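Trainee: Supplied in structure tokens, the structure appears directly below.
What follows draws every value from the coordinates through simple rules; no lab data is involved. Just so we're clear, the structure is a prediction, and the values are computed from it rather than from any experiment. We place every Cβ from the backbone using ideal geometry, glycine too, and count neighbours over all the protein chains shown.
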Amino acid sequence: MAYRSKLKYSDVTPKADFLNRRQLMGGAGALAIGSAAGVLPKWAEAAGKYSTDATPNTFEEISTYNNFYEFGTGKGDPVANAQRLTTDPWSVQIDGMVDRPGNYDLADILAKVSIEERIYRFRCVEAWSMVVPWNGFELKQLLDMAGVQSGAKYVAFETLVRPEEMPGLRRSGIEWPYREGLRLDEALHPLTLMATGLYGKELPKQNGAPLRLVVPWKYGFKSIKSIVRVTLTDKMPPTTWNMLQSREYGFYSNVNPNVSHPRWSQATERQIGGGLFAKRKPTLMFNGYEKEVASLYDGMDLKANY
Amino acid sequence: MPTDPGRKGVLFVSVADHINRGSRRVPIWSVYLLGLLPPVWFLYLGLTGGLGVEPINALERELGKLGLQALILGFSITPLRRFLGVNLIRFRRSIGVLTFYYIACHLLVWLVLDVQILSQIWADILKRPYITIGMVGFLLMLPLAVTSNNWSVRKLGADWRKLHRLVYPAVVLGGLHYVMLAKTWQTEPLVYFAVILTLLATRIPVKLLTMAKRGQGAV
């Protein structure tokens, strides 16, 4: 039980450090004033570069409307059923083509990374969206910790499987654990985040505590929750929704308004929080991150590689 | 123990009798009045946050499920009478009309609140099988709703019964529509579909039996 450290990861990384977002409230304007006055730490300036200035959804919206099938298939199931999940202690097994494979205690990981706030657009494959103020660190920092070997081309992720705390696992149809994957260049992109918090608070369990992936230019299901395993490999890894219905869910699953889901259009989306009369708005290519990530897919047919 | 089944049978008949007698005292207008309320209630919930942070989809689902439940209720009136002696045939028209009202509300929410964009509505109906199926189901119910009155029954005579057999494909399409819209095989839609198929099965033997009898007669 070496990884079962008594120390909580929240003890190692002072909450004030990794959760400090108060200085960022008020958006870009305050940010500009803040950095001019030299009040903000360095990471906060970096956060501004990648964050959208759109108004974030409320904490309640983000934490009560979730897809997390390990806790049930209804949108309200995760908040109702996830609270029993033990997220501390937590460790992540990093293996495959890395120099330093092993069980990494989350506390140790968090001691070595810099947490920043990233306000990202989040687009679900079901054609709804949110704006989420995550706290987290770039996935690259974790991969650097393990030392990616030169032959590695993909990163595979797995979610925790703990039937006694995850009532949704009993349902058949999905082959657990939930699996996701990225191409290595996608994984190393500075937008790709490992989130540990939300709104400056600990990540709610229904949102994938204590550690989840956030890839803002891909459909939400790529952003795998409650990660316990990260594997570097030279082969494209199997991914859960693709295993279930490959015609509907591709490995890439980049947000693309021009490629419909077979059962619904992806041209528009509805942002959660607009009430009964919310208007649909056009979905943006790569969820609005085209400038940052389009070059990753130069020369690729995005209709074939959906 | 030859008396036991008899006693049970008597008990059962008396329960059915009670229901039959009691239901005779329920005025039809009260069924309509009560039946009108659920969509209004869901709309109220949607407007006041009672349906969660995504009320459009929730309202759409609640109304669709309500329609399917009413469809199943209306569909079970005949087997209830045939197998259990419970006679609710007086309410069949009101339940049928209310079913149409629920499905129409469901469709309206989809058109006006959900998809909103006219070109996309048309594209969805043509291109998305589960929407095509739902839409066909609704269209099949349209002539049923229009002819749910005494005048039509008199005017159409025997054709009225034939016309109203459209409810069979409509209820199957409705159940299928629900099964197909989920991302994976989910329990609830499958339960609805199983109930629909079971109710459908209660009607098949009679037909098959009469056909078989006719066949025997011919030989």
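Trainee: Residue A:300 to residue A:80: FRET efficiency via 1/(1 + (r/R0)^6), r the Cβ-Cβ distance, R0 45 Å, to the nearest 0.05?
Mentor: Numbers: r = 41 Å, r/R0 = 0.90.
Using R0 = 45 Å, I get an efficiency of 0.65.
Trainee: What is the gain in length, in nm to one decimal, between residue B:84 and residue B:15 on full extension, counting 0.36 nm per residue of separation less the C-alpha to C-alpha distance?
Mentor: 23.9 nm
Trainee: Let me ask something else about it. How high is the relative contact order of region B:3-218, in percent, counting Cα pairs under 8 Å that sit 6 or more residues apart?
Mentor: 18
Trainee: Next up: For each pair in A:222/A:291; B:162/B:183; A:201/B:183; A:112/B:183, compute the distance between the two Cα atoms and list the pairs where it is over 29 Å.
Mentor: Working: A:222/A:291 20 Å; B:162/B:183 37 Å; A:201/B:183 31 Å; A:112/B:183 39 Å.
With Cα atoms farther than 29 Å apart: B:162/B:183; A:201/B:183; A:112/B:183.
Trainee: What do you get when you divide the Cα radius of gyration of region A:133-181 by 2.2 N^0.38 Å, with N the number of residues?
Mentor: On the way: Rg = 15.1 Å, N = 49, 2.2 N^0.38 = 9.7 Å.
Normalised Cα radius of gyration, region A:133-181: 1.56.
Trainee: So, R0 is 25 Å and r is the distance between the beta-carbons of residue B:201 and residue B:158; what FRET efficiency does that work out to, to 0.05?
Mentor: 0.45
Trainee: Lys and Arg at +1, Asp and Glu at -1: add these up for the other residues within a Cβ distance under 14 Å of residue B:76 and post the number.
Mentor: Values: positive: B:81, B:82, B:92, B:203; negative: none.
Once positives and negatives cancel, what remains is +4.
Trainee: Rounded if a/c is under 1.5, else prolate if a/b is larger than b/c, else oblate: which is region A:245-299, with a ≥ b ≥ c the root eigenvalues of its Cα gyration tensor? Numbers along the way, then the final one.
Mentor: On the way: a/c = 2.77, a/b = 1.41, b/c = 1.96.
Oblate is the answer for region A:245-299, as a/c is 1.5 or above yet b/c matches or exceeds a/b.
Trainee: If you don't mind, there's one more thing I want to ask. Determine, at each q value in 0.10, 0.12 (inverse angstroms), the log₁₀ of I(q)/I(0) that the Debye formula gives when each Cα of region A:9-297 is one equal point scatterer.
Mentor: Calculated log10 I(q)/I(0) at the listed q: -0.51, -0.76.
Trainee: Can you give the relative contact order of region A:82-141 as a percent, counting alpha carbon pairs under 8 Å and 6+ residues apart? Walk me through the numbers before you get to the answer.
Mentor: Numbers: 59 pairs, mean separation 13.8, N = 60.
Once normalised by length, the contact order is 23 percent.
Trainee: Given C-alpha coordinates of region B:160-200, what is the ratio Rg to Rh with the Kirkwood estimate of Rh? Walk me through the numbers before you get to the answer.
Mentor: Working: Rg = 11.8 Å, Rh = 10.9 Å.
When Rh is taken as the Kirkwood radius, the ratio is 1.09.
Trainee: Can you pull the mean other chain C-beta count within 10 Å for peptide A:256-266? Present the calculation step by step, with values, prior to reporting the outcome.
Mentor: Values: counts 0, 0, 0, 0, 4, 2, 3, 10, 8, 7, 0.
Mean inter-chain Cβ contacts per residue within 10 Å come to 3.
Trainee: Taking every DSSP beta bridge that has both residues in region A:9-297, what percent is antiparallel when rounded to the nearest 5?
Mentor: On the way: 38 of 44 bridges.
Counting only bridges with both partners in region A:9-297, antiparallel ones make up about 85 percent.
Trainee: Can you sort B:106, B:164, B:18 from fewest to most other Cβ atoms within 10 Å of each residue's own Cβ?
Mentor: Details: B:106 23, B:164 17, B:18 11.
Lowest count first: B:18, B:164, B:106.
Trainee: Considering just Cα atoms, how many Å³ per residue does the convex hull of the protein assembly as shown enclose? Don't jump to the answer; show the numbers that get you there.
Mentor: Details: hull volume 120.3 nm³, N = 525.
Enclosed volume per residue, from the Cα hull, is 229 Å³.
Trainee: How big, on average over all directions, is the shadow cast by the Cα convex hull of chain B, in nm²?
Mentor: Details: hull surface 72.4 nm².
If you wrap the Cα atoms of chain B in a convex hull and average its projections, you get 18.1 nm².
Trainee: Just to verify a number: FRET efficiency for residue B:191 and residue A:290, C-beta to C-beta distance, R0 = 35 Å, to 0.05? Working shown, then result.
Mentor: Working: r = 44 Å, r/R0 = 1.24.
It comes to 0.20.
Trainee: Can I ask one more? Only Cα pairs within less than 10 Å get springs; with that Gaussian network setup on chain B, which residue of B:132, B:198, B:184 has the largest fluctuation?
Mentor: Top of the fluctuation ranking is B:184.
Trainee: Now a separate question. Test of understanding: in a Gaussian network model of chain B with alpha carbons linked when under 10 Å, which of B:157, B:174, B:96 would top the mean-square fluctuation ranking?
Mentor: Residue with maximal mean-square fluctuation among B:157, B:174, B:96: B:157.
Trainee: Please give the length that would be gained between residue A:277 and residue A:248 if that part of the chain were fully extended, namely 0.36 nm times their separation in residues minus their C-alpha to C-alpha distance (nm, one decimal).
Mentor: Details: separation 29, 0.36 × 29 = 10.44 nm, distance 2.88 nm.
Difference between extended and current length: 7.6 nm.
Trainee: Using Cβ contacts closer than 10 Å as the measure, can you line up B:103, B:28 from fewest to most?
Mentor: B:28, B:103
Trainee: Sticking with this one: In whole percent, what relative contact order does region B:1-131 give with Cα contacts below 8 Å and a gap of six or more residues?
Mentor: Numbers: 94 pairs, mean separation 36.6, N = 131.
So the answer I get is 28 percent.
Trainee: Ok, one more. Does region A:164-284 come out rounded, prolate or oblate, given a ≥ b ≥ c as the square roots of the eigenvalues of its C-alpha gyration tensor, rounded meaning a/c under 1.5 and, failing that, prolate meaning a/b above b/c?
Mentor: Values: a/c = 1.35, a/b = 1.18, b/c = 1.14.
Judged from the Cα gyration tensor, region A:164-284 comes out rounded (a/c under 1.5).
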